[in-house]
1. With each run of n ≥ 4 DSSP H residues scored as -39500 (n - 2.57), what mean residue ellipticity at 222 nm is computed for chain A after dividing by its residue count and rounding to the nearest 500 deg cm²/dmol?
2. Considering only the other residues whose Cβ falls under 14 Å of the Cβ of B:Gly37, what net charge follows from Lys and Arg at +1 and Asp and Glu at -1?
3. Pop out the ³J(HN,Hα) list for the range A:24-35 in order, Karplus 6.51 cos²θ - 1.76 cosθ + 1.60 with θ = phi - 60°, rounded to Hz; leave Gly and Pro as x.
4. When A:Ile86, B:Ile152, A:Ile20 are ordered from fewest to most other Cβ atoms inside 10 Å of their Cβ, what list results?
5. How much net charge surrounds A:Lys24 when only the other residues with a Cβ under 12 Å from the Cβ of A:Lys24 are counted, with Lys and Arg +1 and Asp and Glu -1?
6. Which value, in Å to one decimal place, does the Kirkwood hydrodynamic radius take for the protein assembly as shown when every pair of different Cα atoms is included?
7. Divide by every residue of chain B the summed helix terms, -39500 (n - 2.57) for each DSSP H run of at least 4, and state the resulting mean residue ellipticity at 222 nm, rounded to the nearest 500 deg cm²/dmol.
8. Does chain A come out rounded, prolate or oblate, given a ≥ b ≥ c as the square roots of the eigenvalues of its C-alpha gyration tensor, rounded meaning a/c under 1.5 and, failing that, prolate meaning a/b above b/c?
Amino acid sequence: MSTVYEQLGGEAAIDAAVDIFYRKVLGDHYVNRFFEGVDMEKQAAKQKAFLTMVTGGPNNYTGKDMREGHRHLVKMGLNDAHFDHILCHLRSTLAELGVAQELIDTVISVAESTRDDVLDR
Amino acid sequence: MPTITFEGKDFSCTEGETILDCMTRQGVMLPSSCQSGACQTCMIRALKGNPPEESQQGLKDTLKAQGYFLACICRPTEDMTIGLSSVSPRFSARVLEKRLLNETVVRIRLQRPQDFSYRAGQFINLVRPEDELTRSYSLASLPDEDFLELHIKRVPDGQMSGWVFDRLAEGDDISFFGPAGDCFYIPGKADQPLLLVGTGTGLAPLYGIFRDVLKHEHRAEVHLFHASLAEAGLYLQDELRAFAAQHKHFHYVPCVLHGEVPEGGLQGNITELPLKVLGSLSGYRVFLCGDPPIVNALRQKCFLGGASMQDIHSDPFVFTPQSS
């Protein structure tokens with residue numbers, strides 16, 4: 001069975017998804033303080049790596065990177081509620097791109113599996 | 001088997017091996033993370049030889065044009081020399097003209113060395129002869145002009161700008177390195193509207209870029225916003241108005257934060273004005289130059305206003321006051 005990554009159309013489609021996803025995240029006042037002062041281009045590249053991973057595209061995911069990359073945010077108060085917001089933006093991004101509900105659920109479950117790493121638990 | 005040259009040493013790449021794997025196998029640990037061409041941590045530059053097209057996936061056109069690629073997905077097909085930056089030869093040039101553009105900005109024109117080429121909007125590093133003090137200045141000239149034009153703002157206690165204002169004279173020789181920078185126009189997509197926003201001497205690279213754009217017969221609308229705290233900080237207003245009169249699709253909007261509003265201009269916060277005037281920036285190509293906090297705020301505003309990240313080019317200036 002092909003991955004969501006392939007069904008979406010691969011690398012170029014992920015670029016489009018990052019555009020939509022990052023716009024939602026930056027526009028969300030509940031979470032956007034965690035993105036203040038970051039280099040937008042580097043951040044977008046990280047989100048591309050994340051979306052590539054959760055859609056089953058080529059990746060080299062390590063929980064360790066995820067943990068270290070978010071530790072300073074956990075110190076700023078990053079918690080489950082913020083993580084839920086991000087999942088919500090991911091879900092609506094995929095819906096906007098016309099991904100079938102069943103596949104969205106698969107992607108969300110992969111993203112969900114990173115929760116403890118992201119929140120450093 | 002292609003040979004990869006890095007920092008003067010040769011590394012042979014086996015069939016189908018990526019440059020990242022090849023280097024790692026031979027003990028050179030390049031920074032990397034996702035190893036799948038997404039996170040761009042391993043981005044590096046081909047100084048000689050051409051990277052395969054697929055190794056430049058997702059990179060901005062301006063980076064592609066300068067030979068940047070992703071080492072983790074680059075399976076080289078020819079010999080390449082790679083590195084993070086190229087070593088520029090030092091050029092020497094005579095000061096042809098020194099003229100005040102307003103009270104705090106001086107225009108310096110240097111004789112362009114014959115073997116020096118660049119893209120409009122890039123910058124050079126000027127070197128003060130007596131002590132090698134080096135500062136970056138954007139080029140406001142076009143590559144085919146026979147002079148290099150710099151707009152230098154007098155920074156309070158600025159070592160280089162103070163020296164340029166008080167000491168440098170027409171007829172002097174000065175040296176520089178370069179060019180560098182990835183805020184420039186790539187011809188093509190002639191129906192894509194353009195937005196250029198600069199604060200203070202952030203006008204310099206934009207002055208090169210928009211003229212480059214007009215020369216390439218870009219068909220879509222081109223909007224230039226030049227901002228300063230007050231009108232005294234603006235410059236080249238007459239020249240810019242003349243361009244706007246001559247080219248119906250080029251629009252010049254001088255902006256001030258307070259005080260008298262120049263003719264055809266606006267008053268307000270420059271991080272908000274372009275979106276107020278243009279509405280959605282969806283589909284726009286954007287160039288932002290000047291004060292870093294303003295450039296960074298504009299990057300986010302333009303992105304949230306609809307411009308794609310790939311289409312936002314910026315050059316935040318750094319002003320270095322004298323250290324005590």
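No lab work stands behind these numbers, since they all come straight from the coordinates. The shown structure was predicted, so the numbers you read here are calculated from the model rather than taken from an experiment. Note that each Cβ is placed from the backbone with ideal geometry, even for glycine, and that neighbours are counted across all protein chains shown.
1. Helix-only estimate at 222 nm: -21000 deg cm²/dmol.
2. Once positives and negatives cancel, what remains is -1.
3. Taking θ as phi minus 60°, the curve returns 5, 5, 5, x, 9, 5, 6, 10, 5, 5, 6, 10 Hz for the range A:24-35.
4. Lowest to highest Cβ neighbour count: A:Ile20, A:Ile86, B:Ile152.
5. Here the count lands on -1.
6. Evaluated over the protein assembly as shown, this radius sits at 24.0 Å.
7. That calculation yields -5500 deg cm²/dmol at 222 nm.
8. Note, shape of chain A comes out prolate.
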